[in-house]
Amino acid sequence: MADQPDPAELGDTLTFCEQTLQYQFRDRDLLLRCLTHASVARIRLDSNERLEFLGDAIMGAIVCEQLFTMYQDKTEGELTRIKSVVVSRTSCAKISTDLGLDRCLQLGKGLADHETIPLSIMAAVFESLVAGVYLDGGFDAVGTLVRRVMIPEIERTVETSHGKNYKSLLQQLSQKSNRGMPSYDLMDEKGPDHSKCFKIAVRIGGETFAAAWGPNKKEAEQRAAENAWCQIQAQEAPNAVEGPGACGT
């Protein structure tokens, strides 16, 4: 968008944003700040950066509560792994795109002229709007928003994690891209013999991808394969959680 948008055009933009969020702001100046990137702000404090910081924390808390309620049979490690995917930059950017928030962003000309808005900016605007709805309407209002857009992501993440053989998918992807065959390296193991956790990383050619913990070698290999599969496609590694607490035992 231009640095100095037409007032009528800006009003239409804010209205569209409210409609896609299904929330009407009492303080439209706050809404505008949620949408304002540092590249166009008069000073950085006028941008959405501080709101992004707050929104990330609020979104994380709501998602954690939702996971705790939805999946009462899952362990802390499993819930942590799901949450890391659901609130990731990739997921938040996807939500922003699905909501059409790229039409609402206030960007400097250098960024506005790009055909594709960087993933980090798309993720940040959603986090900022989470903070904005919280500040404007309270926890009930922001809870409604976050659950509406995040529950489908939660369900998709759980279904994907259990419904795909990532070792097979990674082998197909690496062969298709002529990278060679994946190998699985045991990086670490912890715990007593009856309850061990294993840390495994995928190596393809000379490249080692983000390691993953699992309650057995088979599960750790699947999680490591998912990390590599995502990273090859320029996505965040969903299972790159440090420490055996991510085992999900």
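The values are calculated or read from the model by the stated rules, or taken from the named source; none is laboratory data. Quick caveat, the model's predicted, so the values are computed rather than measured. Using ideal geometry, Cβ is built from the backbone for each residue, glycine included, and neighbour counts are taken over all protein chains shown. The protein model used for the area step is the full one, side chains on, heavy atoms only, and it has no ligands, DNA or RNA in it. Shrake-Rupley method; radii C 1.70, N 1.55, O 1.52, S 1.80 Å.
A few comments on the model shown:
- Cα-projected label distance for residue 151 with residue 109, points at 7 Å along beta-carbon direction, nm: 4.6
- A full extension of the chain between residue 97 and residue 28 corresponds to an added length of 22.7 nm, given 0.36 nm per residue minus the alpha carbon distance.
- Near residue 52, once Lys and Arg are set to +1 and Asp and Glu to -1 for all other residues with Cβ below 15 Å from its Cβ, the sum equals 0.
- FRET efficiency for residue 188 and residue 8, using Cβ-Cβ distance with R0 set to 51 Å, rounded to 0.05: 0.25
- In nm, spacing of pseudo-spin labels at residue 18 and residue 207 (7 Å Cα→C-beta vector): 4.7
- At R0 = 41 Å, FRET efficiency that the Cβ-Cβ distance of residue 44 and residue 177 yields, to 0.05: 0.55
- MRE, 222 nm, helices only [DSSP H, n ≥ 4, -39500 (n - 2.57), over the chain, to nearest 500]: -18500 deg cm²/dmol
- In units of the compact-protein estimate 2.2 N^0.38 Å, segment 1-133 shows a Cα radius of gyration of 1.12.
- Relative contact order (%) - the chain, alpha-carbon pairs under 8 angstrom, separation at least six: 20
- Percent carbon-and-sulfur accessible area, the chain, ignoring ligands, DNA and RNA, probe 1.4 Å: 49
- Å² of accessible area per residue within the chain, as computed with a 1.4 Å probe and no ligands counted: 51
- Residue 236 sits among other residues whose Cβ lies under 12 Å from its own Cβ, and their net charge, with Lys and Arg +1 and Asp and Glu -1, is +1.
- Checked against a 18 Å cut-off, the cross-linked pairs 167/190; 83/196; 167/218 give Cα-Cα distances beyond that limit for 167/190; 83/196.
- Charge context of residue 28, other residues only, Cβ under 14 angstrom, K/R +1, D/E -1: -3
- Ordering of 199-211, 83-95, 65-77 by burial proxy (mean other Cβ atoms within 10 Å per residue, highest first): 83-95, 199-211, 65-77
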